[in-house]
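In what follows, a structure is listed as structure tokens, so that the remarks can point back to it.
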């Protein structure tokens with residue numbers, strides 16, 4: 001569980017620092033591409049983030065940052081989404 005907690009804390013911190021302009025995109029890119037494997041529900045958003053960050057993108061910087069931030073937020077929020085699904089399924093039983 002500590003590994004997951006560390007991932008969530010790191011993804012949130014990196015998202016916030018990048019959003020505030022205190023971190024360069026290349027640093028974010030290297031962090032995402034350096035992550036190892038994680039179990040569901042984190043595997044899919046991490047895979048999508050890695051696929052997004054792997055190639056260098058030739059987009060307008062503001063548009064690029066919007067998508068970058070969406071990918072980071074999806075990683076940080078993956079567990080919360082999974083918990084909400086579990087809770088809603090539990091109520092319907």
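The numbers here are math on the coordinates, done by the rules we state, and not lab data. Note that the structure is predicted; figures quoted are calculated from it, not measured. We place every Cβ from the backbone using ideal geometry, glycine too, and count neighbours over all the protein chains shown.
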Computed from the beta carbon distance with a Förster radius of 41 Å, FRET efficiency for residue 47 and residue 20 to the nearest 0.05 stands at 0.95
What is the fewest-to-most order of 22, 29, 54 by other Cβ atoms lying within 10 Å of their Cβ?
22, 54, 29
